[in-house]
Amino acid sequence: MDGEIESTNSVLYRTLFVTVAKIKYRRERWNTSRTERLRFEQHTQSDGIPGIRNNYKGYGSSYHFPGLLNLLSMSKHSQILREDNNSDASYIELSLEEAALARAPSEGCEEEVGKTSRQQRLLVVANRLPVSAVRRGEDSWFLEMSVGGLVSGLLGVKGFEVSWIGWAGVNVPDEIGQEALTKALAEKVRSLGLLLDTYVVSCIPVFLDEETVHQYYNGYCNNILWPLFHYLGLPHEDRLDTTRSFQSQFAAYKKANQMFADVVNEHYQEGDVVWCNDYHLMLLPKCLKESNSKMKVGWFLHTPFPSSEIHRMLPSRSELLHSVLAADLIGFHTYDYARHFVSACTRILGLEGTPKGVQDQGRLTRVAAFPMGIDSNRFLRALELPKVQDVIKEIEKRFEGRKVMLGIDRLDMIKGIPQKLLAFENFLEENAYWRDKVVLVQIAVPTRADVLEYQKLTSQVHEMVARINGRFGTLTALPINHMDRSLGFHELCALYAVTDVALITSLRDGMNLVGYEYVACQERKKGVLILSEFAGAAQSLGAGAILVNPWNITEVAAAITQALNMQSGEREKRHKLNFSHVKTHTSQKWAETFVSELNDTVVQQQLRTRQVPPPLPTERAIESYLMSTNRLIILGFNATLTEPVEKKGDQIKGMELKVHPELKRSLTELCSDPKNTVVVLSGSDRTVLEENFREYDVWLAAENGMFLRPAKGEWMTTMPDILNMEWVDSVKHVLEYFTERTPRSHFEERETTLVWNYKYAEVEFGRLQARDMLQHLWSGPISNAPVDIIQGSRSVELRAVGITKGAAIDRILGEIAYSKFMTSPIDYVLCIGHYLDEDVFTFFEPALPSFDPFLPRSKVTDSVKFLAEERLSKTPSRKSGPKSPQKKTENSICISPPCPAFEKTSWNIIDLKKENYFSCTVGRTQSYARYMLGSSSDVVAFLKDLADASLNSLSSNQNASTSCRNTEEISLQSGIPDWVTMVK
């Protein structure tokens, strides 16, 4: 929480505690390769818990476009395009020779993979499998391995047995076909995996029916989520009608995610890591956690994540966010996308965002940026192949005497192809010298050709290319060579190698690694990269690329001029920066880092979970309650006995503090039990408590116990005689100033405290204002004043030093013992509340709980002994004077009773056994309390059960007494001696 100040010892303990846990965990890792050990040594030398990787600056995507190009030579190995429109990735089906080349070990890399009996299994769950399936008969399938950005990255993971779970891309309604495809996938992938020396051991299909695919895949994923995540907005009515409605699409989306979850649960083994991928499976983490809360689940988004103002347009916004937050680790391409996600959780769900992630009821979900890369060595090795060298020579001959500019994109709205063509046209208009000396090779891979918007885009691009070629072309040269097709891997590498300027003008792109591939192939020519600032790769390659705003046509045209006229020295400098990044930030490192962070996050979460109080054992609490004879019940008020707060996103509906309507009977019955003393201890003022509890026979302790009202009595003060309140006036001016500056905030002036509350204000702005206000206070009004500051989730409370609920308990117990003329000690204590200062929970403990490295220690006031002689010299209506602090014995406070017959004796007012003390926090998972209840509704349910048990116990006792009296009367009437009846 902002503003928390931890002692040096706390920080030291935290670092040592987590570091030791990491060392223990790393020793248990199955794979101990040399590179893993080196990375571990660097990891354990860092301070604290690892957060977002600062050495990564961005993320992009890689698209491979297999096919043929008329101007280029054809590869002797045919390339077949298999494109996944939804996942925004195209797959090249490689021959075994090419696939082996892709997985060959890098030069100079001498990794030693430890031989173990079993590697940790990694279950990769994605919308599509890494293979393409074509049915050739009832029980016959033809399969081809595919390679793409996600596939190549995950194939680089070593030390894991990888099982890939996904949709095969075909409708298989019959069981014979499903069994045959499952068997074919197992055999094909296993044999290919052994050949390529990978750890992929299985591909497991998820069979989706045709209607579900239409509603889930073409509908909700492609028609709603994908456009929204790319800032294109939600579909209009005409587009919505073609795919039914939001409701039917979202229902299919939930059904498909549950089907994926069922397959994962079927194949999951204890210790497996489940990696969910992309926006198709946003509900999957919650489905998996509901079936197995101990499952290690990570989720990674391969597209941009929009700002909260865009995401809040989505009708199912809250359910999607909550489901993703069920994962242990959430990964994004860039820090910007991670920041947008945290902001959406804060503004839409009202949760607390931290530098490490999102906090929800004490559970921290890690959110971090993991930039992806490419296998650069694969491209470098390909350039040395004779077939690639032949293609390079042919292209150089074809474009001899001209500078080559290259654009490779899917024919999609987000790729900015029309903007690129307009900028190139503007460049040719203003630079007549270059009209016959430069050529733009634009590869545009068709996608979703059956969608009207894409058909219009295709027509628009073709018209623009024709217009520009007509204006600036000659009989021997055209300024634009446009191809509505794709390139094979070898032709792609050759074209990268001869290109002078690569032009990427994406309007919004989360996965674009074309720039990475271009840089990897430019070791000889050292060309220039012009990159859109809206592409994820811009944060990684921005140091060496020319960043442009694709919407600014003039700026892009000027960048083209700058790139073509750039001197060789500057080109080499820029290329060196980019090439160094591409070589070190590979797809293999991306995958390994994510899985490693997921394992670390689960360990850290387990350490935090151990500090979370267990749920209140209601049956045992009621059983101990019935066996006791003198009970003390301490209850909080706000967020404990009040109605649940209504929240809409980050906004909390304003409402007065009122006792929960279902508590009336329960409180009445508990207060009517003569064995009970019920105390409502709150920070609220006397007026609020009086209005709510006037009708109950309950003790009221207002303003943290500084004012006390016995049951049906008058208010008295328990404040110390010496209480410095001179700071109040100066602090009030600061609070009034920030209240005016912060809409929907307010401050309450009580007799002993000042509270500034911003729970109704916009949460982010409120936290910034609270931080600013504390800086003003610390530097001015309270710099030397005896003031304690208590920070809530959306409040700041200032009170004089020594005013705590724990300190007030001392004085309250003395008043209770005096007023009720207690003759037996309290043998049962129940303390329930949503308290920020938790010394009230530790007051009845024999000692402070063991040190919690994740929870800041609060100062607990020493208990005070009360002597009867001192108490009897005062009347309840007068102010209690300062008490002499004395040492408290274990679980007891010494007091002399007010009865004259016992003036010279002393006894313990509290005689607690460990099993008879139940401290319970409400809605706070990090607490000194022994137990926890989730909300005020849980408190209501428990008190109802407690009251029912109390009522039944009273009824049983009354019946027993009546039965005993009846027996005595019968004995007297019959003349039978009493002792005979007693013996019977």
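The values are calculated or read from the model by the stated rules, or taken from the named source; none is laboratory data. Only a predicted model underlies this, so the values are computations on that prediction, with no experimental measurement involved. Note that we place each Cβ from the backbone using ideal geometry, even for glycine, and neighbour counts take in every protein chain shown. The area values use the complete protein model at the heavy-atom level, side chains included, leaving out ligands, DNA and RNA. Shrake-Rupley method; radii C 1.70, N 1.55, O 1.52, S 1.80 Å.
State whether the residues of the stretch 339-359 include one that is open to solvent by 20 Å² or more (accessible area, probe 1.4 Å), among the basic types (Lys, Arg) and closer than 23 Å to residue 606 by Cβ. Yes, some residue in the stretch 339-359 is open to solvent by 20 Å² or more (accessible area, probe 1.4 Å), among the basic types (Lys, Arg) and closer than 23 Å to residue 606 by Cβ. On inspection, residue 348 passes the criterion of being more than 30 Å from residue 465 (Cβ to Cβ), touching a residue at least 40 places away in the same chain (Cβ under 8 Å) and in a helix (DSSP H, G or I). Against the conditions (1) open to solvent by 10 Å² or more (accessible area, probe 1.4 Å); (2) assigned to a helix (DSSP H, G or I), residue 294 satisfies every one except (2). Condition check for residue 217 on (1) at pLDDT 85 or above; (2) touching a strand residue (DSSP E or B) at 6+ places or on another chain (Cβ under 7 Å): one failure, at (2). The set of residues in the stretch 462-489 being crowded, with 19+ Cβ neighbours inside 10 Å, in a helix (DSSP H, G or I) and of a type in the set (A, V, I, L, M) consists of 464, 465, 468. Residue pairs whose Cβ atoms lie under 6 Å apart, sitting 6 or more positions apart in sequence or on different chains, and linking a residue in the stretch 819-845 that is not assigned by the TED database to the domain that holds residue 636 to a partner that is surrounded by fewer than 19 Cβ atoms within 10 Å (Cβ to Cβ) and at pLDDT 85 or above, do not occur here. For residue 442, indicate whether it is surrounded by 17 or more Cβ atoms within 10 Å (Cβ to Cβ) and in a loop (DSSP other than H, G, I, E, B). Here the answer is no, as residue 442 does not meet what is asked.
For residue 245, the requirement of being of a type in the set (S, T, N, Q), touching a residue at least 12 places away in the same chain (Cβ under 8 Å) and open to solvent by 10 Å² or more (accessible area, probe 1.4 Å) is not met.
Which residue, of 334, 354, 303, is closer than 24 Å to residue 245 by Cβ, of a type in the set (Ser, Thr, Tyr) and touching a helix residue (DSSP H, G or I) at 6+ places or on another chain (Cβ under 9 Å)? Reasoning before the result, please.
Working: 334 fails: closer than 24 Å to residue 245 by Cβ; 354 fails: closer than 24 Å to residue 245 by Cβ.
The unique qualifying residue is 303.
Taking every residue in the stretch 793-813 that is at positive phi and pairing it with any residue that is among the hydrophobic types (A, V, I, L, M, F, W, C) and open to solvent by 10 Å² or more (accessible area, probe 1.4 Å), at least 6 positions away or on another chain, the pairs with Cβ-Cβ distances below 9 Å are 802/723. Just one of the listed residues (399, 427) is out of contact with any Asp or Glu (no Cβ under 7 Å at 6 or more places or on another chain), open to solvent by less than 10 Å² (accessible area, probe 1.4 Å), aromatic (Phe, Trp, Tyr) and in the same structural domain as residue 482 (by the TED database), and it is 427. Where strands (runs of 3 or more DSSP E) fall entirely within the stretch 661-770, those with at least 1 residues that are open to solvent by 20 Å² or more (accessible area, probe 1.4 Å), hydrophobic (A, V, I, L, M, F, W, C) and touching an Asp or Glu at 6+ places or on another chain (Cβ under 8 Å) are at 746-749. So, of the residues in the stretch 912-927 that are more than 20 Å from residue 352 (Cβ to Cβ) and at pLDDT 80 or above, which turns out to be nearest to the chain's Cα centre (by Cα)? For the stretch 912-927, the residue satisfying everything is 920. Answer yes if at least one residue in the stretch 366-373 is of a type in the set (A, V, I, L, M), assigned to a loop (DSSP other than H, G, I, E, B), in contact with a Phe, Trp or Tyr (Cβ under 7 Å, 6 or more places away or on another chain) and open to solvent by less than 10 Å² (accessible area, probe 1.4 Å), and no otherwise. Within the stretch 366-373, one or more residues are of a type in the set (A, V, I, L, M), assigned to a loop (DSSP other than H, G, I, E, B), in contact with a Phe, Trp or Tyr (Cβ under 7 Å, 6 or more places away or on another chain) and open to solvent by less than 10 Å² (accessible area, probe 1.4 Å).
Just one of (1) hydroxyl-bearing (Ser, Thr, Tyr); (2) in a helix (DSSP H, G or I); (3) in contact with an Asp or Glu (Cβ under 9 Å, 6 or more places away or on another chain) fails for residue 323. It is (3). Residues in the stretch 573-632 that are open to solvent by 40 Å² or more (accessible area, probe 1.4 Å), under 24 Å from residue 302 (Cβ atoms) and in contact with a Ser or Thr (Cβ under 8 Å, 6 or more places away or on another chain): 583 only. So for the stretch 508-527 (the condition being under 41 Å from the mean Cα position of the chain (by Cα), outside the structural domain of residue 331 (by the TED database) and of a type in the set (Val, Ile, Thr)), does at least one residue qualify? The answer is yes, given that some residue of the stretch 508-527 is under 41 Å from the mean Cα position of the chain (by Cα), outside the structural domain of residue 331 (by the TED database) and of a type in the set (Val, Ile, Thr).
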